[in-house]
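Below is one structure; the comments refer to it alone.
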């Protein structure tokens, strides 16, 4: 279960706080996956008490967009900590689906990759099994296939440290990269933090989703939760 | 093969923090958790000079737990204003518990409202095992005994009190400036979650 709250001493109108939390939640807590399961209790609340004595922030205030952006980035930090925990997770993985026809499609694809048990076990085993990523893209429950064109698809791993080359292309325009540097792939997959980029090249929308690997520890913890 | 194990507590749990003005927190081990860990937390707004505002997003799971239904009702009946406390218990989700669960979650709010002299201004959250009744004797006593503070340790303990199988508490805090006036404000966030995580809240 995900529970959480954000409290602030800002003064925000009730309409403002609803809009801010809804916007931030959609781009943070609704973009994480540890195991693909949705609880009966998930709740994130936000409380603003006005103790900072500022002029109340409303939807049309000049500061509104800036405050909303700060809350969103703050919520992303908090949400990412949940993924970093992941009940024994050893990898923190950002799945970026870019150049999509629509944000909704980018999100569905990113979520599908993030929830794939086989992608997650490959990450745990540090196996550059891009075929599982591609497979997940293909079975994503999209309303239609406007965002998907196999011949335009690129998949790559991206290192999050300063090592080079930063990007390792695995699939280029739908064709497997036969010259993939397996040694470099192993180096990137050995990092605790890494990134998977899926470029759809059918539009300009994008979505980031945060996931983790699936470890032996996860099974141990959840094998006897009630007892 | 397993990757290198990292000390997540050392990496991700802050050692100090600045917290928003006029909030206090309290936590306690009521005995609901078998290991004796903290399992009850309350956050309270102590600012009497302005009306608070609040919002929440909730699970879209068709089977919503009693505290989800109760918190939604409190927010809506208060028109998203004047919500001044949040009580959270861990160890028992109070989910799939029917009318008894609903009465228990109402009772939790009622006890907190009474303790803090509030009128239906408390949100409630629960986390833990699904399908078990809350141990209201322990939780009622805990609400009665809980003490409030605003130190870093109080906030950290609050974060710990809502954990279940989490391997570290999740607490972050940051200060920002309003662009128009330069006034400082603080955001503090607490979360729990480790498994059963793929929220789709609305």
Return only the number of the condition from (1) surrounded by 21 or more Cβ atoms within 10 Å (Cβ to Cβ); (2) under 17 Å from the mean Cα position of the chain (by Cα); (3) touching a residue at least 24 places away in the same chain (Cβ under 8 Å) that residue B:185 does not satisfy. (2)
Selection from the range B:46-73 of residues that are over 19 Å from residue B:191 (Cβ atoms), surrounded by 20 or more Cβ atoms within 10 Å (Cβ to Cβ) and in contact with a strand residue (DSSP E or B) (Cβ under 6 Å, 6 or more places away or on another chain): B:52, B:53, B:70
Condition test on residue B:109, is it farther than 18 Å from residue A:47 by Cα and within 14 Å of another protein chain (Cβ to nearest Cβ)? no
Looking only at residues that are without any contact (Cβ under 8 Å) to a residue 12 or more places away in the chain and not in a loop (DSSP other than H, G, I, E, B) in the range A:109-131, which one is surrounded by the most Cβ atoms within 10 Å (Cβ to Cβ)? A:122
For the range A:149-166, give me each residue that is under 21 Å from residue A:187 (Cα atoms) and surrounded by 14 or more Cβ atoms within 10 Å (Cβ to Cβ). A:154, A:155, A:156, A:157, A:158, A:159, A:160, A:166
Would you mention how many residues in the range B:61-98 are in a loop (DSSP other than H, G, I, E, B) and in contact (Cβ under 8 Å) with a residue 40 or more places away in the chain? 5
Checked B:138, B:119, B:147 against criteria (in contact (Cβ under 8 Å) with a residue 60 or more places away in the chain, outside any helix (DSSP H, G or I) and over 19 Å from residue A:4 (Cα atoms)); the one match is B:147
Check the range A:192-203 and report whether any residue there is modelled with pLDDT under 95 and either outside any strand (DSSP E or B) or more than 24 Å from residue A:30 (Cβ to Cβ) (or both). yes
Look at residue A:206 and say whether it is part of a helix (DSSP H, G or I) and surrounded by 15 or more Cβ atoms within 10 Å (Cβ to Cβ). no
Residue B:58: over 20 Å from residue B:143 (Cβ atoms) and in contact (Cβ under 8 Å) with a residue 60 or more places away in the chain, yes or no? yes
Failed criterion for residue A:145 (all others in (1) more than 14 Å from every other protein chain (Cβ to nearest Cβ); (2) in a helix (DSSP H, G or I); (3) modelled with pLDDT under 95 hold): (2)
If I go through the range A:160-170 residue by residue, how many of them are closer than 12 Å to residue A:128 by Cα and in contact with a helix residue (DSSP H, G or I) (Cβ under 9 Å, 6 or more places away or on another chain)? 2
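Condition check ((1) within 18 Å of the chain's Cα centre (by Cα); (2) over 23 Å from residue B:17 (Cα atoms)) across all residues:
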site: A:20; (1), (2): no, yes
site: A:24; (1), (2): yes, no
site: A:28; (1), (2): yes, no
site: A:48; (1), (2): no, no
site: A:61; (1), (2): no, yes
site: A:64; (1), (2): no, yes
site: A:69; (1), (2): yes, no
site: A:77; (1), (2): yes, no
site: A:82; (1), (2): yes, no
Note on the range B:3-59: residues assigned to a helix (DSSP H, G or I) and in contact with a helix residue (DSSP H, G or I) (Cβ under 9 Å, 6 or more places away or on another chain) are B:8, B:11, B:12
In the range B:176-202, the residues that are on the phi < 0 side of the Ramachandran plot and in a loop (DSSP other than H, G, I, E, B): B:178, B:179, B:180, B:181, B:183, B:194, B:195, B:197, B:198, B:199, B:200, B:202
Give me the residue from the range B:160-175 that is crowded, with 20+ Cβ neighbours inside 10 Å and in a strand (DSSP E or B) and, out of that set, farthest from the other protein chains (Cβ to nearest Cβ). B:171
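The values are calculated or read from the model by the stated rules, or taken from the named source; none is laboratory data. Fair warning: this is a prediction, and the values are worked out from it, not measured in the lab. Note that each Cβ is placed from the backbone with ideal geometry, even for glycine, and that neighbours are counted across all protein chains shown.
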